[in-house]
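The values are calculated or read from the model by the stated rules, or taken from the named source; none is laboratory data. In this text the structure is predicted, and so the values were computed from the model without any measurement. Note that we place each Cβ from the backbone using ideal geometry, even for glycine, and neighbour counts take in every protein chain shown. Accessible surface is based on the protein model in full, side chains and every heavy atom, while ligands, DNA and RNA are left aside. Shrake-Rupley method; radii C 1.70, N 1.55, O 1.52, S 1.80 Å.
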Amino acid sequence: TGAYVAVGIPSKLAYAKVNKNLSRNLLTLGSLALIALAAAWFGGDVFVLRKVKKLVGVTDRLAEGDLSARTNLKGDGELNLLGRAFDMMAEELNKREHERRQAEEEIRSSAEKIKLFAYSVSHDLKSPAIGIYGLTKLLNTQYRELLDQRGKNYCEQIMRASEQIAALVEKINVYIATKEDQLQVQAIPANVYFGRVRDGQLESPFSGN
């Protein structure tokens, strides 16, 4: 009555089928995870990373001044919409740059025409002024005895007017030459500046002229 018999099945044998199914399921799950990871990496590279890299590249080129850079992204995704916004911005910048260059070219052309016109006007004014001055001086010198005081005054007024015209022409030429030279800024001590004003070398900024 104190004896008994124990009958059992080895755990390895008992769980063999379950372990086999578990291993197969884990292998399947691992394979699916690897496939999903690979698909996510490939899809992210194709649909996200490449577009982001293109956007960054276009931004760098625009920052360097290459206004012809475009993303050329198509579609309705957010990155595609952002790419088209970049392209529109670049197109607008390129248009404004073209307009700016065209305006600068027109300004240079106008400045050149104004310079030639000023030279022509100064030459056309200076020659007659010198001729009038010379003839009036000759008249005043050789026929002074024949002229009354009014005639002498007229000659003096004509000569002064001729001198003023010639001086104005010289100022025009100096102005044109000054506009062509590059501006050079130089610091002048206040005492030197006011000393020149005091000596009459410069016009005082407080004179009201």
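Here are some notes:
- Residue 199-residue 116 FRET efficiency (beta carbon distance; Förster radius 35 Å; 0.05 resolution): 0.35
- Pairwise Cα distances in the chain exceed 25 Å for 76 percent of all pairs.
- Rounded to the nearest 500, the 222 nm mean residue ellipticity of the chain from helices alone is -26000 deg cm²/dmol, with -39,500 (n - 2.57) taken per DSSP H run of at least 4 residues.
- Taking θ as phi - 60° and the Karplus parameters 6.51, -1.76 and 1.60, the scalar couplings of the range 86-98 work out to 4, 5, 5, 5, 5, 5, 5, 4, 5, 5, 5, 5, 5 Hz in sequence order, x denoting glycine and proline.
- The mean sequence distance of close C-alpha pairs (under 8 Å, at least 6 residues apart), as a share of the length of the chain, puts its relative contact order at 12 percent.
- Residue 50-residue 87 FRET efficiency (beta carbon distance; Förster radius 22 Å; 0.05 resolution): 0.85
- More than 15 angstrom apart: percent of Cα pairs within the range 72-168: 76 percent
- Of all accessible heavy-atom area on the chain, the percent that carbon and sulfur account for (1.4 Å): 61 percent
- Taking 14 Å as the cut-off, the amide N atoms of the range 109-139 that come nearer than this to a point 7 Å along the Cα-to-beta-carbon line of residue 147 belong to 132-139.
- FRET efficiency, 1/(1 + (r/R0)^6) with R0 25 Å, evaluated for residue 6 and residue 26 via beta carbons: 0.15
- Among the listed pairs 51/74; 137/171; 74/95; 54/95, those whose Cα-Cα separation exceeds 18 Å are 137/171; 74/95; 54/95.
- Within the chain, longest stretch clear of exposed GluC sites (Glu not before Pro) (DSSP loop, no more than 15 other Cβ within 10 Å): 65-202
- Candidates 153, 173, 19, ranked by Gaussian network fluctuation over the chain, Cα under 10 Å, top entry: 19
- Computed over the range 99-174: relative contact order in percent, which uses C-alpha pairs under 8 Å that are six or more apart: 44 percent
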